[in-house]
Amino acid sequence: MLPEVLAKYLRPVESRLVMYHSVPKILAGKREEADIFLRYWQEFISPAELFYAHSADGKQRLEVIRQQDLGPKNSTHKKQIFL
C-alpha cells in the first residue's frame, strides 16, 4: 500500500453533488449570459449544470433541492458601529 501522503493524491476522487447555487440575478436574465457564468463556474469552481427553475420540471427540481437541504446556508450578520 502507498503511504497515506501519496495515496491522497493518487486515489480516485469520487464525484458527488454537494450543493446547488442560483445564477446571480444580473446574469440570469438571458440564457447566453447564464451560459457564460456556467462556463466560468465550471472552469474555476466545479462541474455544474443549468436548469430553468420557473418551468414545471424546474419547480419540481427546486422543491427536491429544498427538501434535501442542498442550497447554500448563508446568513448575514449585521452590527452597528458607533464612533
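Where a number appears in this text, it was derived from the coordinates with a stated rule and is not lab data. As the structure is a computational prediction, the values presented were derived from the model and not from experiment. No Cβ is skipped: glycine too gets one built from the backbone with ideal geometry, and neighbour counts run over all protein chains shown.
Quick one: helix 56-67 against the long Cα principal axis of the chain, what's the angle to the nearest 10°, folded into 0 to 90?
So the helix axis and the longest Cα principal axis differ by about 60 degrees.
Kindly provide the GluC sites (Glu not before Pro) of the chain that DSSP labels as loop, not H, G, I, E or B, and whose Cβ sees at most 10 other Cβ atoms within 10 Å. Let's see the in-between values first.
Values: sites: 4, 14, 32, 33, 43, 49, 63; in loops: 14, 49.
Here the sparse-neighbourhood loop sites are 14, 49.
Looking at the chain, I'd like the Rg to Rh ratio, where Rg is from alpha-carbon atoms and Rh is Kirkwood's inverse mean 1/r.
Values: Rg = 18.5 Å, Rh = 16.3 Å.
Taking Rg over the Kirkwood Rh, I get 1.14.
Nothing charged except the Cβ atoms of Lys and Arg (+1) and of Asp and Glu (-1): what's the magnitude of the dipole of the chain about its Cα centre? Round to the nearest 20 debye. Show your work: numbers first, answer last.
Numbers: 13 positive and 10 negative charges, 78 e Å.
Value, rounded to 20: 380 debye.
Counting other beta carbons within 10 Å of each residue's own, what order do 59, 25 fall into, fewest first? Please report the intermediate quantities before stating the final value.
Numbers: 59 12, 25 7.
Ranking 59, 25 by Cβ neighbours within 10 Å, fewest first, gives 25, 59.
Report, ordered by chain and residue number, the lysines lying within cross-link reach of residue 79, taken as a straight Cα distance under 30 Å and ignoring same-chain residues fewer than 8 apart.
In chain and number order, the partners are 25.
Grab the other residues whose beta carbon is less than 15 angstrom from that of residue 58, score K and R as +1, D and E as -1, and report the net. Don't skip to the end; give the middle numbers.
Details: positive: 31, 59, 61, 66; negative: 49, 57, 63.
Spelling it out: positives minus negatives among the neighbours equals +1.
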